[in-house]
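**Q** Just dropping this structure here.
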Amino acid sequence: MRTYIPIFFTVLLLSGLHACFYSDSLMYEVEPVPGDPPILSVSTNLDTLHNPPVNDSLEVIYQAVVEGGEFYYVYADVVNTLIFESDSSYGSFWIDSVLADSSGVDTLYMEFYYSSNTNSLADKVNYEARTEILKYAIDFNLGGTK
Amino acid sequence: MRKRIIYSIALAVLLVSAQNSLGQDWGLTFSAGVASSQMNDLKYLQEHILSTYPVEGKITSSFPPFTSASITMFKQLYDHIRIGGGYSYSTTGGKSSYADYSGDISTEMNATSHRLGAYLSYLVLGGDRLDLSLNGSLEANLTSLSLQSYYEILNYSNGISNNYRSLSPSVSAGGELMYTLKKISLGMEAGYLVDLKGDLKDTDDGDPLVDPNDTERVLSSDWTGWYVQLKALIWLKL
């Protein structure tokens, strides 16, 4: 019986050790209430053109307006190459004909990032965004250059 | 001031010189229980940190009463008086946090108090088994505070950790009720501790932890509060 008493006290002591160090594992969990989703409207100089040709180069002018939100970023890529990035909602860039290996119609992708208005932590620090991708068919005409 | 010191030394010499002719017993006490603390400056800092969150977080704990323990070795000087020294430990902390599907952010503060000092007890009521005593102690109080902030948002995570320390004198007074069983006594004690507050300084560079709204003011730890402990006393024949 006597041998069990020290064991009992040792176990009692060890079981109380965690109480010697203050800790609080509780997290304040929140389900964010989203606001109205922002409305993005984009206009470019390619909107009214059908398969605009890229003879030597082609200038693309864009303007993005976010209603009820914030504009973050725009990326443009063509022929699997990133050709432009900006955090400005208004701007322009050039598509150079040297990007393409051969003549023909390719696609210009423009990705617009803007606020999500989900009111989440990521939204508040501008880490969370809505995306809208616009596609434009462009015609590389390399006859004169290659 | 000098007179006071002389009187104190004279009293100590009288007590020590009388000890051999009186009680011979030494004793060891172990106490464990709960202690509260004011920590007003750290609660204030916690509120300030919460206000810097980009979202509406919440303080989930703010320096609640938590574990307190002590060990004391004493000598029975007279029938009614015990004198000795010991070590005491208290801990508490606070946390503010926010979590949603996109990530979480939290700030944790953990404070511990290590106290070393002198102990004096006076037996008010003594029976065959039950003893009621008043006791007090004067201690040097070393506080360690760790402050950790951390966030994880989508794929990004980052954190910061700082450690602070303070030193302050503290005084406590209380009462204890003990039930004697041969060489061991069991009981409880309760009392109030007054901490004279210590300025918190960074352990790495010694910089003071200042009030974010008034950089002239240094924040301090404050362990002032009540305590309740279960107590065991073992008599030693030395």
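FYI, it's all coordinate maths here, none of it is from the lab. Owing to the predicted nature of the structure, the values given are computational and were not obtained by experimental measurement. Heads up, the Cβs are rebuilt from the backbone with ideal geometry, glycines too, and the neighbour counts pull from every protein chain shown.
**Q** Just to verify a result, which residue in segment B:150-165, among those that are part of a strand (DSSP E or B) and within 14 Å of another protein chain (Cβ to nearest Cβ), is nearest to A:K124 (Cα to Cα)?
**A** Checked segment B:150-165; the qualifying residue nearest to A:K124 (Cα to Cα) is B:I153.
**Q** Here's another thing I want to ask about it. Got a sec? Which of B:F63, B:F74 is of a type in the set (F, W, Y) and under 25 Å from B:K201 (Cβ atoms)?
**A** That would be B:F63, the only listed residue that is of a type in the set (F, W, Y) and under 25 Å from B:K201 (Cβ atoms).
**Q** Collect the residues in segment A:21-55 that are surrounded by fewer than 13 Cβ atoms within 10 Å (Cβ to Cβ), charged (D, E, K, R) and not in a strand (DSSP E or B), keeping them in residue-number order.
**A** A:E31, A:D36, A:D47
**Q** Can I ask one more? May I ask you to list the residues in segment B:57-83 that are under 18 Å from the mean Cα position of the chain (by Cα) and part of a strand (DSSP E or B)?
**A** Those that are under 18 Å from the mean Cα position of the chain (by Cα) and part of a strand (DSSP E or B): B:S62, B:F66, B:T67, B:S68, B:A69, B:S70, B:I71, B:T72, B:M73.
**Q** Mind telling me which of the residues B:G136, B:G93 ends up being within 14 Å of chain A (Cβ to nearest Cβ), touching a strand residue (DSSP E or B) at 6+ places or on another chain (Cβ under 6 Å) and of a type outside the set (V, I, T)?
**A** After ruling out the rest, the residue left standing is B:G93.
**Q** Within the bounds of segment B:74-88, is there any residue that is of a type in the set (D, E, K, R), within 18 Å of B:S149 (Cβ to Cβ) and either out of contact with any Cys (no Cβ under 9 Å at 6 or more places or on another chain) or touching a residue at least 40 places away in the same chain (Cβ under 8 Å) (or both)?
**A** No, because not a single residue in segment B:74-88 is of a type in the set (D, E, K, R), within 18 Å of B:S149 (Cβ to Cβ) and either out of contact with any Cys (no Cβ under 9 Å at 6 or more places or on another chain) or touching a residue at least 40 places away in the same chain (Cβ under 8 Å) (or both).
**Q** Say we look at segment B:32-56 and pick out the residues that are among the small types (G, A, S) and in a strand (DSSP E or B); which of these is nearest to B:Y192 (Cα to Cα)?
**A** B:A35
**Q** Filter segment B:92-111 down to the residues that are assigned to a strand (DSSP E or B) and either surrounded by fewer than 21 Cβ atoms within 10 Å (Cβ to Cβ) or of a type in the set (D, E, K, R) (or both) and list them by number.
**A** Of everything in segment B:92-111, those that are assigned to a strand (DSSP E or B) and either surrounded by fewer than 21 Cβ atoms within 10 Å (Cβ to Cβ) or of a type in the set (D, E, K, R) (or both) turn out to be B:K95, B:A99, B:D100, B:D104, B:E108, B:N110.
**Q** Here's a follow-up. Scan (1) surrounded by fewer than 13 Cβ atoms within 10 Å (Cβ to Cβ); (2) aliphatic (A, V, I, L, M); (3) closer than 30 Å to B:G57 by Cβ for the single condition A:I61 breaks and write down its number.
**A** Here A:I61 meets the rest and fails (3).
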